[in-house]
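Below you'll find the structure, written out as structure tokens, and then a few comments.
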Amino acid sequence: MKVKLLFAVILLLLLSSLSFAQDDSAEIDTSAVVEELVLPAPPGNLSGVDKPNDHGHSIDLSWELSPDDGGGLNTVLQYDIYHWVPNLMLELNLVRDSISVIQKIIRKTTNGIIEGSQADSMKKVFEKLSRSELFDVRNSLTEYVKKGNKGLAEACKSYPEGGAWLFLDKKPSGTSTFDHIGSKEFKSSGFVPDFANLYYRVDAVTADGAKASSNILGPIQSSGQWYNTFRTPVVFSVLLFTLLTVFFVQKARKGADLYVRPLGGIEAVDDAIGRATEMGRPILYVLGLGSAADIATIASFTILGRVAKKVAEYQTELLVPTYDPIVMTVAQEVVKSAYLDAGRPDAYKEDTVHFVTQSQFAYVAAVNGIMLRELPATNIYMGKFFAESLILAETGALAGSIQISGTDEIAQIPFFIVACDYTLIGEELYAASAYLGKEPVLLGSLKAQDYAKAAIIVLAVIGVILAQFDFGTEFVNLFEVVN
Amino acid sequence: MKKTSMVVFATIASLFLLSWIVKGMFSEGSSPYLDGFLVTLAAFLTLAIMSFLYKDNPYYKFAEHLFVGVSAAYAMCLGFWSTIVGNLIPRLSSTVSDFFQVNYIEGDYNIFFVIPIIFGILLLMRLSPKAGWLSRWPLAFIVGTTAGLNFVRYLRSDFINQINSTIIPLLIDWNGFGDFFSNMNFSATGQLVMMFSNLVIFVGVVCGIIYFYFSKEHTGWFGRASKVGIWILMITFGASFGYTVMGRISLLVGRITFLFKDWLEIIS
Amino acid sequence: MKRQLPFLLVFIFGAFMTIQYYIPHESSEFVYTFLLDWTMIIGIFALALGIWSLYQVSVEKIKHKKENWVYSYVTLFGLFIMVVLGFTFKVGDSWGLYSVFVIALMAFLYCLINASIAKSKGLWFGLSGVALVVLLGIAYFDDSWGVAFMTSEGLRNTMFTNFADFVMTPILATMFALLAFFIASAAYRAFRARNVLASLLLVSAIIVMLRFNPYMPFGLPELIAELSNWLMNVPNLAAQRAIVIGIGLGIVATSLKVILGIERGYMGKG
């Protein structure tokens, strides 16, 4: 009961301050007519459209420059952009302010509130409340804003009664467009409701402060779109690439013989496992710092599967220390099934794949320790690597292990090249999974990749030839994807 | 323990005790001996890690194992507050959020945040030998979501946009051969160098792509182009290597400064 | 069912995320952030699995007295101390019996681990019982510190920050600094160039190193600086682009194979 009473008091308080706020905005509006000042010519033909290809809540405005901007009297300094909002919006803005003050009190971070501001007086009201009362008030206010926002579209219909012009932004002279990007969050004060009648006005302002208003634009509505036309080139390439891949995979399934050139690093994997077996030493497989979401790690899982299968067949020991817990989970799954496939499920140990820590250099310290103490015959690094690549690869090289690496982190490739016996550069890592299995289906997709590369070369050659002529830019624009 | 390692241990222990006392005596602050201990500890761990360069030894092992344990717990504490309390709790219910003193984030679909909890619990099912297969569902969710995410976004950024930027004019300010030869110079912004550079970029990209061609034998002209490709790749890796070398050396300088300035206070 | 359902999930979510890219609408954005939040939350549950694995591997080592098993205690104590520090905070001006509490807790863990390993289980259980009584007693009667898992008070705990600043940070910084030594040995390795490719790498590395060397005692010939700039801007750009295109296609192809269920290696079925 007490809370409800308090809630009512706060609303009253807010509404009373609202009347002041309205006066303020009215003042701004009339200040345009000051007699001594020479008014500039107003900007003309204000028009607007709902911002295309977006999530809504935004309007693109454009206008014709005032004749006195860059010509005529040449007095225009800037353009002020206003939009009309119903009283409900102003009221909600105040409620939002008080919610943020309460949040700050709850989080004990009120220091930022400027002395003497409106928020400061709110702070005084709220600080007297107990913690649970604060939570209750805040929740009721949030509920109020939520309900109020639903009524905004309706309230906008009352134009021009029951509302005020609110200053949005200013643009320097010579500008004739403005994108009003509103917030989609109803809790934000920049919230712009979709499917509500919006009204805009642009004032040309001189250095003396004289203002001349354009025509009023509206009603205009914003809304979200269901298809982003800017991204059509991507649709085409997705379709083409998918078709190519599916075509070659089908072809491979039917038994077509697809050639792939040999890759040094891949051939070395089998030899390395054999070597480890002969020496009676383990194999260390490092998946890198990537998460299970990184495609490089996913490619590495496939390679790990092949390695684990061979290891199980040869009965060598495998060590897989991991950095990411989800990667650990997946890797356990991969290794376990590889042992199962090799017909040796009994040889699988749960701690073959184990978690170390989710801190880059602690992980490196631990892996270094493994290299020096377990003396693996072969170290395989496949996945995402960062600054630690060099420490790992050098320690391994000093310990005398055969090293095979592969990463798509361009900055780390040089270190692997220097310190490892074999390095898969960039795309070769992704190709490796297809290679190791020699599965026709996976090889099929390599073929599709190669066609895409051929396409790039052909397009680049055409483009370079066309770039010497005037219509080159139009060709380039075909591959332009605006954000 | 061997005799020599005992001696080493005793020496190190007494040196660090000495450092602690000295640092404690000359430290200013509310708790000088704590500060002295902490700086000495940090110096000990720094040297312990560096000793690894000589060979693996008990001090390195100690520092390494401590680091692993502490950092794992650190990640867990941080993850708990940033993700569980920061992201999950505020969506569950306003009562729970109030208890954790975070702002309840209103939403009509907050009920769906039960799903990641369920997925998380399914993931923990791994620990049970019977229901372990259930843990594949959350993994499938994560892999599927990110594969979809990467598929289109990389196609755009690494494929379409790259075609776009490879299309460059090979002839710059071309006004015929006479003009070209009469104005020829070797300055970096000159016509000759600019044209040569654009040619190198174009040829480099094409040959580089040919190097990554898998389904055709690298023989004949194709093999030669691929060879040019790997040359350009190697030059690039060298440049990147050299660049990083210079950057890393400054890091070492930073660490040595700590030892000599903050701990031993030899240099100021 | 057991095998097929995960791949169906992969396809559904993968296809959704692919299509989502073209839909700018608010509801599509909403689902997008929703899914990303989910993956993060699942990640934390996985971290619990990870910590469990770390604990198990360490205890296994101690149990079987494998090589260097003593250090596993260091890992375990580091782990538990840090967790305890992260969830407690100082209420008053002094820490009271807090240090005794932490020591009792470590003793409790030590005894518990031993109880699961040693033959004389009764003794160790008894000892851990004593430690438990001590730590519970302190936790109950000592008001100078408190436990907080609702707020991140623990992250501001001075002990916690001290551990982070004087244990983690120096080790981390030193590991990072080791890079400088390793880069020297890597450079030496590169110097023993055996073929054309390695020599190319070496030559361009030297040119760039000369350019970015701040301690160059003699005036750097202008040519080296220009050549190095040209290397970084021209061949570098070309090669980076070729690699990026390759990697991009690799990622796209692998993602597509994953979504379509062609590539199944990551689920342990290759």
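Since every read-out is calculated from the coordinates, none of them should be taken as a lab result. Computed from a prediction, not measured in an experiment: that's the story for all the values here. So basically every Cβ, Gly included, is an ideal-geometry build from the backbone, and we count neighbours across all protein chains shown.
How high is the FRET efficiency between residue B:117 and residue C:2 when r is their beta carbon distance and R₀ equals 25 Å, given to the nearest 0.05? Please list the in-between numbers first.
Values: r = 22 Å, r/R0 = 0.90.
Efficiency, rounded to the nearest 0.05: 0.65.
Simple spin-label estimate for residue C:103 and residue C:16 gives 5.5 nm between the two label positions (7 Å along the Cα-to-Cβ direction from each Cα).
Using the Stokes-Einstein relation with a Kirkwood hydrodynamic radius computed over Cα pairs, the translational diffusion coefficient of the stretch A:217-298 at 20 °C and a viscosity of 1.002 mPa s comes to 113 µm²/s.
When the Kirkwood hydrodynamic radius is evaluated over all pairs of different C-alpha atoms of the stretch B:168-263, what value in angstrom, to one decimal, is obtained? List each step's numbers first, then the result.
Working: mean 1/r = 0.0582 Å⁻¹.
It works out to 17.2 Å.
Note that chain A shows a convex hull volume over its alpha carbon atoms of 260 Å³ per residue. The Cα-based radius of gyration of the protein assembly as shown, divided by its Kirkwood radius, gives an Rg/Rh of 1.00.
Kirkwood-type hydrodynamic radius, the stretch B:109-268: 22.7 Å, calculated from all non-identical alpha-carbon pairs.
In deg cm²/dmol and to the nearest 500, what is the mean residue ellipticity at 222 nm of the protein assembly as shown if only DSSP H runs of at least 4 residues count, each as -39500 (n - 2.57), divided by the residue total?
Working: 36 runs with 610 residues, N = 1021.
So the calculated ellipticity at 222 nm is -20000 deg cm²/dmol.
Against chain A, whose longest principal axis comes from its Cα atoms, helix A:360-374 is set at around 10 degrees.
Restricting the count to DSSP beta bridges whose residues both fall in the protein assembly as shown, what percent are antiparallel, rounded to a multiple of 5? Please list the in-between numbers first.
Numbers: 35 of 56 bridges.
For the protein assembly as shown, the DSSP antiparallel bridge percentage is about 60.
Inter-part distance, the stretch A:401-462 to the stretch C:1-48, computed on C-alpha centroids, equals 28 Å.
So if the hydrodynamic radius of the stretch B:107-167 is defined as the Kirkwood radius over C-alpha pairs, what does Stokes-Einstein give as its diffusion coefficient at 25 °C and 0.890 mPa s, in µm² per second? If you can, show how the numbers build up before the last one.
On the way: Rh = 14.2 Å.
Once the numbers are plugged in, D ends up at 172 µm²/s.
Note on the stretch A:262-391: percent of Cα-Cα distances in each 5 Å bin, starting at 0 and stopping at the bin with the largest distance, equals 2, 11, 22, 25, 22, 13, 4, 0. Rounded to whole numbers, the Karplus 3J(HN,Hα) couplings from phi for the stretch B:27-33 are 7, 9, x, 6, 10, x, 6 Hz, using 6.51 cos²θ - 1.76 cosθ + 1.60 with θ = phi - 60°, and x at Gly and Pro. Between residue A:267 and residue B:182, the modelled labels are 5.8 nm apart [label points 7 Å from Cα along Cα→Cβ].
Note on the stretch C:39-120: Kirkwood hydrodynamic radius from all Cα pairs is 14.6 Å, rounded to one decimal. Remark: the stretch A:385-390, residue by residue, has Karplus-estimated 3J(HN,Hα) of 10, 10, 4, 6, 3, 5 Hz, where x stands for each Gly or Pro and the curve is 6.51 cos²θ - 1.76 cosθ + 1.60 at θ = phi - 60°. DSSP finds beta bridges in the stretch A:345-483, and of those with both partners inside it, around 0 percent are antiparallel.
Using alpha carbon centroids, what distance separates the stretch B:53-73 and the stretch A:144-220, in Å? Spelled out, the Cα-based centre of one part sits 61 Å from the other.
Peptide A:238-250 is shielded by partner chain Cβ atoms: per residue, an average of 3 of them sit within 10 Å of its Cβ.
The angle between the Cα long axis of helix B:191-211 and the main principal axis of chain B comes to about 70°, on a 0 to 90 degree scale. Note: the stretch C:69-183, Cα convex hull, 125 Å³ per residue.
Say a site is exposed when it is one of the chymotrypsin sites (Phe, Trp or Tyr not before Pro), sits in a DSSP loop, and has at most 11 other Cβ atoms within 10 Å; what is then the longest site-free stretch of chain B? Intermediate results must be reported in sequence, preceding the final value.
Details: sites that count: B:54, B:109, B:186.
The reported range is B:187-268.
Relative to the dominant Cα principal axis of chain C, helix C:26-63 is inclined by about 60°.
Which loop-located chymotrypsin sites (Phe, Trp or Tyr not before Pro) does the stretch A:152-190 contain, where loop means any DSSP state but H, G, I, E or B and the Cβ has at most 13 other Cβ atoms within 10 Å?
Here no loop site has a sparse enough neighbourhood.
The listed peptides A:460-468, A:316-324, ordered by packing as a protection proxy, come out as A:316-324, A:460-468 (highest mean of other Cβ atoms within 10 Å first). Applying the Karplus relation 6.51 cos²θ - 1.76 cosθ + 1.60 with θ = phi - 60° to the stretch C:115-132 yields 3J(HN,Hα) values of 4, 7, 10, 5, 7, 7, 4, x, 4, 5, 5, x, 4, 5, x, 4, 4, 4 Hz, where x marks Gly and Pro.
Among DSSP beta bridges lying fully in chain A, give the percent that are antiparallel, nearest 5. Show your work: numbers first, answer last.
On the way: 32 of 53 bridges.
Roughly 60 percent of the DSSP beta bridges within chain A come out antiparallel.
Taking every Cα-Cα distance in the stretch C:1-67 and sorting them into 10 Å bins from zero, the calculated P(r) comes out as 17, 26, 26, 17, 10, 4, 0 percent.
If you average the sequence gap of Cα pairs under 8 Å that are 6 or more apart and divide by the length of the stretch B:168-263, what percent do you get for the contact order? Relative CO of the stretch B:168-263 lands at 18 percent.
Averaged over all directions, how much area does the convex hull of the C-alpha atoms of chain C cover when projected, in nm²?
Numbers: hull surface 106.5 nm².
Convex hull of Cα atoms, orientation-averaged projection: 26.6 nm².
A straight Cα-to-Cα reach below 25 Å connects residue A:384 with the lysines A:309, A:310, A:336, A:438, A:447, A:453, C:257, C:269, residues fewer than 8 places away in its own chain not being considered.
Please identify the trypsin sites (Lys or Arg not before Pro) of the stretch B:16-119 that satisfy two criteria: DSSP loop assignment and at most 13 other Cβ atoms within 10 Å. Which are they?
Numbers: sites: B:23, B:55, B:61, B:91; in loops: B:55.
In loop regions of the stretch B:16-119 (DSSP not H, G, I, E or B), the sparsely surrounded trypsin sites (Lys or Arg not before Pro) are B:55.
A DSSP coil position with no more than 11 other Cβ atoms inside 10 Å describes the following GluC sites (Glu not before Pro) in the stretch B:1-107: B:28.
Taking the mean number of other Cβ atoms within 10 Å as a proxy for protection, how do you rank C:248-259, C:125-136 from highest to lowest? Before the final figure, lay out each step's value.
On the way: C:248-259: 28.0, C:125-136: 15.9.
In decreasing order of mean packing, C:248-259, C:125-136 become C:248-259, C:125-136.
Averaged over A:414-422, how many beta carbons belonging to a partner chain fall within 10 Å of each residue's beta carbon?
Details: counts 16, 9, 1, 10, 15, 5, 0, 0, 0.
Taking the mean over all residues of the peptide, I get 6.
Counting Cβ atoms of other protein chains within 10 Å of each Cβ in C:30-36 and taking the mean gives 4. Projected over every direction and averaged, the convex hull enclosing the alpha-carbon atoms of chain B yields 30.8 nm². A simple spin-label model places pseudo-atoms 7 Å from Cα toward Cβ; at residue C:34 and residue A:340 they are separated by 3.3 nm.
The smallest convex shape that holds all Cα atoms of the stretch A:333-469, its convex hull, gives 155 Å³ per residue.
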